[in-house]
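Notes follow once the structure below has been shown.
The values are calculated or read from the model by the stated rules, or taken from the named source; none is laboratory data. Since this is a predicted model, take the numbers as computed values, not measurements. We place every Cβ from the backbone using ideal geometry, glycine too, and count neighbours over all the protein chains shown. Heavy atoms of the whole protein, side chains included, go into the accessibility calculation; ligands, DNA and RNA do not. Shrake-Rupley method; radii C 1.70, N 1.55, O 1.52, S 1.80 Å.
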Amino acid sequence: MIVHSYENIIKGKGKIIKDSVDYLKLSVSSKIILDGDLILNGNRMGENGRSSILRMDDGSQLHVKGNFNFFYGADIVLFKDSVLTLGEGSFINSDCKIRCHKDISIGKYCAISHDFTVMDSDAHKINGIKKIKPVSIGNHVWIGTRVTILKGVTIGDGVILAAGAVVTHDIPNGCMAGGVPAKIIKRNVIWEG
């Protein structure tokens with residue numbers, strides 16, 4: 001249920017679906033725009049003690065473009081003035097980690113497996129510089145278990161990312177990629193799910 005104090009933060013026709021064990025920490029200057037429902041506890045089986053966390057710092061924005069499903073154990077942080085965009089009909093399976101420092105977008109109808117991590121920053125300064133670059137995941141992307149996508153990466157439409165891949169460079173439309181760092185394995189692939 002939406003806590004009454006969040007009414008000025010949450011706008012749109014959708015709703016946030018969560019359990020009592022899920023945790024929202026929303027700055028009063030953050031904004032959630034729901035063009036569909038945001039599910040924070042999908043596929044939870046009974047009282048298993050698993051919770052999801054959504055933290056939004058000052059000025060951050062979450063845009064839900066249609067129904068989007070986070071399975072249990074989601075750990076989502078939007079840092080100050082960042083924007084996270086979630087596409088219609090997509091889901092992320094259990095135990096994902098999202099660290100949005102500036103701009104991360106996930107397209108429509110994506111199937112993302114367990115233990116997924118995406119970050120648009122190194123999070124710490126290296127030689128006095130904190131590098132932040134947007135991440136964009138296209139439409140109809142299939143991401144295998146334990147995949148990590150790092151800052152500055154664009155994933156094209158219809159891409160398949162093999163389990164365990166660490167993606168540090170762009171992957172074009174219709175490619176299959178895997179490995180550490182991820183490299184293109186096959187081109188012109190079409191997946192159904």
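Can you confirm whether region 107-118 contains a residue that is surrounded by fewer than 21 Cβ atoms within 10 Å (Cβ to Cβ), hydrophobic (A, V, I, L, M, F, W, C), at pLDDT 95 or above and within 22 Å of P134 (Cα to Cα)? Within region 107-118, one or more residues are surrounded by fewer than 21 Cβ atoms within 10 Å (Cβ to Cβ), hydrophobic (A, V, I, L, M, F, W, C), at pLDDT 95 or above and within 22 Å of P134 (Cα to Cα).
Restricting attention to region 68-93, the residues that are surrounded by fewer than 19 Cβ atoms within 10 Å (Cβ to Cβ) and in a loop (DSSP other than H, G, I, E, B) add up to 4. Taken residue by residue, region 148-163 has no member that is among the charged types (D, E, K, R), surrounded by fewer than 18 Cβ atoms within 10 Å (Cβ to Cβ) and on the phi > 0 side of the Ramachandran plot.
I'm trying to understand the selection: among the residues of region 41-56, which are open to solvent by 40 Å² or more (accessible area, probe 1.4 Å) and at pLDDT 85 or above? Of everything in region 41-56, those that are open to solvent by 40 Å² or more (accessible area, probe 1.4 Å) and at pLDDT 85 or above turn out to be S51, I53, R55.
Against the list (1) open to solvent by 10 Å² or more (accessible area, probe 1.4 Å); (2) at pLDDT 90 or above; (3) not in a loop (DSSP other than H, G, I, E, B), the condition L62 fails is (1). Quick check on my filter: what residues within region 18-40 are open to solvent by 40 Å² or more (accessible area, probe 1.4 Å), aliphatic (A, V, I, L, M) and modelled with pLDDT of 90 or more? Hits for region 18-40 are V28, I33, I39. Scanning region 152-165 turns up one or more residues that are charged (D, E, K, R), touching a Gly at 6+ places or on another chain (Cβ under 6 Å) and more than 27 Å from A123 (Cβ to Cβ). Taking region 107-159 as the range and being hydrophobic (A, V, I, L, M, F, W, C) and part of a loop (DSSP other than H, G, I, E, B) as the test, the residues that pass are C110, F116, A123, V141, V147, L150, V153, V159. Given the criteria farther than 25 Å from N41 by Cα and either touching a residue at least 60 places away in the same chain (Cβ under 8 Å) or part of a strand (DSSP E or B) (or both), does I184 qualify? Against the criterion (farther than 25 Å from N41 by Cα and either touching a residue at least 60 places away in the same chain (Cβ under 8 Å) or part of a strand (DSSP E or B) (or both)), I184 qualifies. The listed residues are C175, C96, and the only one of them that is open to solvent by less than 60 Å² (accessible area, probe 1.4 Å), out of contact with any Lys or Arg (no Cβ under 9 Å at 6 or more places or on another chain) and not basic (K, R) turns out to be C96.
Can you give me the number of residues within region 128-147 that are touching a Gly at 6+ places or on another chain (Cβ under 8 Å), among the hydrophobic types (A, V, I, L, M, F, W, C) and open to solvent by 40 Å² or more (accessible area, probe 1.4 Å)? Residues that pass the stated criteria total 1.
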